[in-house]
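Please read the structure below before turning to the comments.
The values are calculated or read from the model by the stated rules, or taken from the named source; none is laboratory data. What you see is a predicted model; the values in this text were computed from it and never measured. For neighbour counting, all protein chains shown are included, and Cβ atoms are generated from backbone atoms with ideal geometry for every residue, glycine included. For the accessible areas, the whole protein counts, side chains as well, though only heavy atoms, and no ligand, DNA or RNA atoms are used. Shrake-Rupley method; radii C 1.70, N 1.55, O 1.52, S 1.80 Å.
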Amino acid sequence: MTDRRDKINYYLDIAQTVAERSTCLRRCYGAIIVNHDEIISTGYNGAPRGRKNCIDLGRCIREELKIPSGERYELCRSVHAEQNCIISASRRDMIGATLYLACVSGATGELMSGTNSCSMCKRAIINAGICYVIIRDTDTEYRVIDVNDWIENDDSLFE
């Protein structure tokens with residue numbers, strides 16, 4: 001008898017598969033929202049509907065300008081995976097839910113550990129009523145983030 005995959009890694013596996021639909025040349029994110037053991041929605045990062053994707057254009061302006069990760073999102077063509085996931089779900093289904101997130105390198109296809117939601121996505125996650133974000137670091141390791149920590153440790157307040 002083989003070992004059964006634990007539930008958290010099962011959902012992270014699905015999020016990682018969703019990332020395969022990403023159209024970003026830098027980082028491919030996949031997200032799923034789960035509530036009461038039911039997948040509510042999925043999302044990956046890519047250009048808004050009807051616009052050309054970076055993979056179609058063959059270029060990433062943020063890469064060309066050597067903009068570090070986490071900066072100048074207004075130059076990016078993509079809607080983030082978390083945002084697309086939230087857009088596709090009803091708020092009543094997201095209240096109390098968990099968002100699972102996986103990221104792979106666009107260049108190598110390897111998992112990227114240590115990633116996190118950007119400040120804009122954190123705000124959307126808070127407003128959606130999502131309680132936990134679980135982020136994959138390796139095939140079996142992950143971080144569980146209590147969204148209340150993002151509320152209490154408000155990264156938009158500067159001292």
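Tally Lys/Arg at +1 and Asp/Glu at -1 over every other residue whose Cβ is under 12 Å from the Cβ of Val144; what's the total?
My count for the surroundings of Val144 gives -2.
At a Förster distance of 41 Å, what's the computed FRET efficiency of Ser156 paired with Thr2, Cβ-Cβ distance as r, to 0.05?
0.30
Arranged from highest to lowest average of other beta-carbon atoms within 10 Å per residue, in what order do the peptides 13-20, 53-60 appear?
Result, highest mean Cβ count within 10 Å first: 13-20, 53-60.
Show that you can apply the helix-only estimate: for the chain, add -39,500 (n - 2.57) for every DSSP H stretch of four or more residues, divide by all residues, and state [θ] at 222 nm to the nearest 500.
That calculation yields -7500 deg cm²/dmol at 222 nm.
Given Cα pairs under 8 Å that are at least 6 residues apart, what percent is the relative contact order of the range 1-139?
For the range 1-139, the relative contact order is 28 percent.
With a probe of 1.4 Å, find how much accessible area the chain has per residue, and write the answer as a whole number in Å².
60
Could you state how much accessible area Asp139 has, in square angstrom rounded to the nearest 10, with a 1.4 Å probe and all protein chains kept in place?
Near enough 90 Å² of accessible area.
Sorting check: for 118-128, 24-34, which peptide has the highest mean count of neighbouring beta carbons within 10 Å, and how do the rest follow?
24-34, 118-128
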